[in-house]
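Have a look at the structure below, then the notes.
The values are calculated or read from the model by the stated rules, or taken from the named source; none is laboratory data. Since this is a predicted model, take the numbers as computed values, not measurements. In this analysis, Cβ positions are derived from the backbone assuming ideal geometry, glycine residues included, and neighbour counts consider all displayed protein chains. What goes into the accessible areas is simple: the full protein's heavy atoms, side chains included, and nothing from ligands, DNA or RNA. Shrake-Rupley method; radii C 1.70, N 1.55, O 1.52, S 1.80 Å.
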Amino acid sequence: MATLICGSLAYDNIMTFEGHFREHILPDQIHILNVSFLVPSMHREFGGCAGNIAYGLKLLGSDPLIMATVGAIDAQNYLDRLDSLSIRRECVRVLPDTHTAQAMITTDQENNQITVFHPGAMLLSHLNHISDAQNVTLGIVAPDSAQGMYEHAKQFAQANIPFMFDPSQGLPILDCAQLCQIIELATYVSVNAFEAKLLSKKTGWSITDIAQRVDAMIITRGAQGAVIYHCDSVETIPVVPAERIVEPTGCGDAFRSGLLYGIEKGLDWSTTGRLASLMGSIKIAYQGPQTYTLNRTEIIDRFEAAFDYRIA
Ligand SMILES: Nc1ncnc2c1ncn2[C@@H]1O[C@H](COP(=O)(O)OP(=O)(O)OP(=O)(O)O)[C@@H](O)[C@H]1O
Ligand SMILES: [Mg+2]
């Protein structure tokens, strides 16, 4: 029994500019914008939503199966890492003469960010089919190519596999008709507060309209925690105070690994949301989306310390 994680595998190249972007961009000259920033610090992280979500779910002791496309030019490092973590990758397709997706993220001293994302092999994620995976009982459609997200959602529904729709950064590339159709097919929708507003605007449906079309709609609110709409009621999920705040990239994905774990195990929404919230809070104490290393017992101990009861 596996949970199928459809989405991107990507390298995140994170650079810090030791100045302020605004001092180098002249507002009256933006029609001839030509800027170059010297970034002395750079590090490369394993990222991409599918990789991040599968990583969290594996730490929790589940059996995630990744469905993604990567490029042969630079994928080997990532494939070796998945093997070393024992995360199954039989549905990761390696495309020849192509780069793996990568984000170049430059942050300045005021936390402003300029990001360039090269999708590379991710653009062909629709080459994978849900039916390629065996013994799947739950799935997630996380950010991927537009065609990949759309087709995988339809294939999950055709196969009668409940799935979560997590459009995140992929929200702008889906049009109104696609979004409405995917929501109608999905069992769960999970977005952050900004994405919830955008999803509402693009579909013309209110949050309640969307929530009524799924079993649960989960909206994360950063340091304010989350809310879960389920069966005409709204559950507020508290934030778990972070050990330290280092870097937020991947908090949303860590949160989703907790959601999927709770759904897999049939936990109630209150507990599922709290576990998800704990995962987001654990992640924020580390640089990079997949560098937190707590094992299952440590996570369960932290849960008990935060909420005064234990999960199985
Ligand atoms: N400062 C924080 N302290 C503790 N937990 C946090 C903090 N920020 C985020 N979290 C946890 O992570 C969850 C997801 O965060 P958020 O709503 O920022 O997602 P996001 O915007 O999708 O993030 P990203 O896409 O950058 O990973 C929150 O609901 C919360 O549980
Ligand atoms: Mg997010």
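Pick out which of Asn52, Asn160, Asn128 has the largest mean-square fluctuation in a Gaussian network model of the chain, springs linking Cα atoms closer than 10 Å.
Asn160
Quick one: which of Lys154/Lys202; Lys154/Lys283; Lys58/Lys154 span more than 29 angstrom between C-alpha atoms?
Lys154/Lys283
Treating only the Cβ atoms of Lys and Arg (+1) and Asp and Glu (-1) as charged, compute the dipole magnitude of the range 1-140 about its Cα centre; round to the nearest 20 debye.
For this selection, approximately 400 debye.
For a quick check: with amide H placed at 1.01 Å from N, whose amide H comes under 5 Å from Ala72's, ignoring anything fewer than 5 positions away on the same chain?
For Ala72, the qualifying residues are Leu95, Asp97, Thr98.
Return one whole number: the accessible area per residue of the chain in Å², for a 1.4 Å probe.
Solvent-accessible surface per residue comes out at 45 Å².
Set the Förster distance to 22 Å, then compute FRET efficiency between Asp232 and Tyr309 from the Cβ-Cβ distance, nearest 0.05.
Given R0 = 22 Å and the Cβ-Cβ separation, E is 0.30.
Return the sequence-ordered ³J(HN,Hα) values of the range 217-225 in whole Hz as given by the Karplus equation 6.51 cos²θ - 1.76 cosθ + 1.60 applied to θ = phi - 60°, using x for Gly and Pro.
So the Karplus estimates, Gly and Pro as x, are 10, 10, 10, 8, 10, x, 5, 8, x Hz.
For the chain, give the percent of accessible area contributed by carbon and sulfur heavy atoms, probe 1.4 Å, rounded to a whole number.
Of the solvent-accessible surface of the chain, carbon and sulfur hold 52 percent.
What whole-number distance in Å separates the alpha-carbon centres of the range 268-282 and the range 227-243?
Rounded to whole Å, the Cα centres lie 8 Å apart.
What are the residues whose amide H is under 5 Å from the amide H of Val92, where those residues sit 5 or more places off or on another chain and H is modelled from the backbone?
When sequence neighbours closer than 5 places are left aside, the close amide H contacts are Ala68.
Contour minus end-to-end for Thr297 and Leu33, with contour as 0.36 nm per residue of separation and end-to-end as the Cα-Cα distance?
Length gained, Thr297 through Leu33: 89.8 nm.
Pull up the DSSP beta bridges for the range 1-140 and report the antiparallel fraction as a percent, rounded to 5.
40 percent
About the Cα centre of the chain, what is the dipole size in debye to 20, counting +1 per Lys and Arg Cβ and -1 per Asp and Glu Cβ, all else neutral?
Here the chain has a charge dipole of around 300 debye.
State whether the range 88-206 is rounded, prolate or oblate according to the following rule on the C-alpha gyration tensor (a ≥ b ≥ c being the square roots of its eigenvalues): a/c under 1.5 gives rounded; otherwise a/b larger than b/c gives prolate, and the remaining case gives oblate.
Oblate, because a/c is 1.5 or more while a/b does not exceed b/c.
I want the antiparallel fraction of DSSP beta bridges within the chain, as a percent rounded to 5.
The antiparallel proportion sits near 40 percent.
State the antiparallel share, in %, of DSSP beta bridges confined to the range 155-295, rounding to the nearest 5.
Expressed as a percentage, antiparallel bridges in the range 155-295 total about 60.
Using the Cα gyration tensor of the range 174-232, with a ≥ b ≥ c the square roots of its eigenvalues, what is the shape: rounded (a/c below 1.5), prolate (a/b larger than b/c) or oblate (neither)?
oblate
What is the calculated FRET efficiency for His20 to Gln147, with r their C-beta to C-beta distance and R₀ = 25 Å, to the nearest 0.05?
So the FRET efficiency works out to roughly 0.05.
List the aspartates and glutamates whose alpha-carbon lies under 13 Å from that of Lys265, not counting same-chain residues fewer than 8 positions away?
Hits, sequence-local ones excluded: Asp63.
Which one of Gln113, Leu275, Leu26 has its Cα pushed farthest toward the positive end of the charge dipole of the chain, where Lys and Arg give +1 and Asp and Glu give -1 at the Cβ?
So the residue we want is Leu275.
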